[in-house]
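Quick notes on the structure that follows.
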Number of protein chains: 2
Amino acid sequence: MNIVVFRLGHRPFRDKRITTHVFLAARAFGASGGLYSGDKDFELEERIGKVADNFGGSFSLSYEKGWKGVVEKWKKTGRVVHLTMYGVPFEDVMSEITTDNLLIVVGGEKVPSELYKDADYNVSVTNQPHSEVSALGVFLHSLVRGGKVKPNFQNSKFKIIPNPSGKSMKEMNI
Amino acid sequence: MNIVVFRLGHRPFRDKRITTHVFLAARAFGASGGLYSGDKDFELEERIGKVADNFGGSFSLSYEKGWKGVVEKWKKTGRVVHLTMYGVPFEDVMSEITTDNLLIVVGGEKVPSELYKDADYNVSVTNQPHSEVSALGVFLHSLVRGGKVKPNFQNSKFKIIPNPSGKSMKEMNI
């Protein structure tokens, strides 16, 4: 399983929290790493690194100057899914998409029209306007967890113990 | 079906985009309305109203001063689910939860500890830190769409036509 989430056109001030949520969702639902274009953002990288450090696994995040080279290179060995409200319902193509070597592209404010041609799939999670964060969550959940592949969060410093009426967190001895 | 999403502790400047995404996800995945506490935010209400106006359906958003009265009142006729990374996996309780008269509470920065006691269910979507937006998306998708109940977006001004390699939007004659 190798799934990488690529967030386009990140603007550190305006997108700070949304991009953070995109990558936290990516990690929680089983992606192995993230890429982002737009403006380099050290704080974002630090924030995501800290969560991965505390809660385990090996999610890594890198900056890419442009999107086109990344997509072209990826297509030599894997497939590219672009999440967009204009795409075909994900339920219709889900059976063709595997977790083998998958790049999931998530747009920013302005998505280049070329991307719609370059992506192997333009896929929608409902054809309603909502959020790249919820679209990514639902898509990945359906792909990874729906597929019964449980992400593995090894070497975490903390572990949450499910609790029906409060908070329980365990500090791990690693 | 009556599902309302209640966002706690909204801070207009800091949470502007995240709260917007919470309610857009709520609407897209079939909730009939939203409530929020924290600070009153006219722009938020206008933004959500505009999307509902353009893309149909009857999603409505209201401000509530406090959370406790809302939860107590709701429990007289319906059930309250609190989404939290500390809760029990949603898959474990999903069969008990119906869409009849459901309040889904989504925390803000600081969630009052009383809420964990007052909610009928504290439910997690993975026990990993991610995003209230993706948690809500996955939970609602599983509850509503997974249940094959398709939200109905009547009287929309625009309709997106799924397109495998571009953007298509139709202006409706209403």
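Bear in mind these aren't lab numbers, they're just calculated from the coordinates by the rules spelled out. As the structure is a computational prediction, the values presented were derived from the model and not from experiment. So basically every Cβ, Gly included, is an ideal-geometry build from the backbone, and we count neighbours across all protein chains shown.
Quick look at the numbers
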{"item": "Tally of residues being among the aliphatic types (A, V, I, L, M) and touching a Ser or Thr at 6+ places or on another chain (Cβ under 7 Å) across the range A:1-47", "result": "9"}
{"item": "Some residue of the range B:73-81 being part of a loop (DSSP other than H, G, I, E, B) and either exposed (fewer than 15 other Cβ atoms within 10 Å of the Cβ) or out of contact with any helix residue (DSSP H, G or I) (no Cβ under 7 Å at 6 or more places or on another chain) (or both)", "result": "yes"}
{"item": "The listed residue being touching a Lys or Arg at 6+ places or on another chain (Cβ under 8 Å) and either within 9 Å of chain A (Cβ to nearest Cβ) or free of Cβ contacts under 8 Å to residues at least 60 places away in the same chain (or both), out of B:82, B:130, B:141", "result": "B:130"}
{"item": "Flag if residue B:49 is at positive phi, among the small types (Gly, Ala, Ser) and not in a strand (DSSP E or B)", "result": "no"}
{"item": "Residue that is farthest from residue A:78 (Cα to Cα) [pool: residues in the range A:108-144 that are surrounded by fewer than 24 Cβ atoms within 10 Å (Cβ to Cβ) and among the aromatic types (Phe, Trp, Tyr)]", "result": "A:116"}
{"item": "Residues (touching a residue at least 12 places away in the same chain (Cβ under 8 Å), assigned to a helix (DSSP H, G or I) and either surrounded by fewer than 22 Cβ atoms within 10 Å (Cβ to Cβ) or not aromatic (Phe, Trp, Tyr) (or both)) located in the range A:15-39", "result": "A:15, A:16, A:18, A:19, A:20, A:21, A:22, A:24, A:25, A:26, A:27, A:28"}
{"item": "Of all residues making up the range A:82-107, the number that are closer than 25 Å to residue A:48 by Cβ and surrounded by fewer than 20 Cβ atoms within 10 Å (Cβ to Cβ)", "result": "5"}
{"item": "Any chance residue A:69 is of a type in the set (Gly, Ala, Ser), closer than 28 Å to residue B:21 by Cα and out of contact with any Ser or Thr (no Cβ under 6 Å at 6 or more places or on another chain)", "result": "no"}
{"item": "Residue within the range B:60-82 that is within 23 Å of residue A:14 (Cβ to Cβ) and aliphatic (A, V, I, L, M) present", "result": "yes"}
{"item": "Where a residue in the range B:101-117 is more than 12 Å from chain A (Cβ to nearest Cβ) and its partner, wherever it lies, is surrounded by fewer than 18 Cβ atoms within 10 Å (Cβ to Cβ) and assigned to a helix (DSSP H, G or I), with Cβ under 7 Å and at least six apart", "result": "B:101/B:77"}
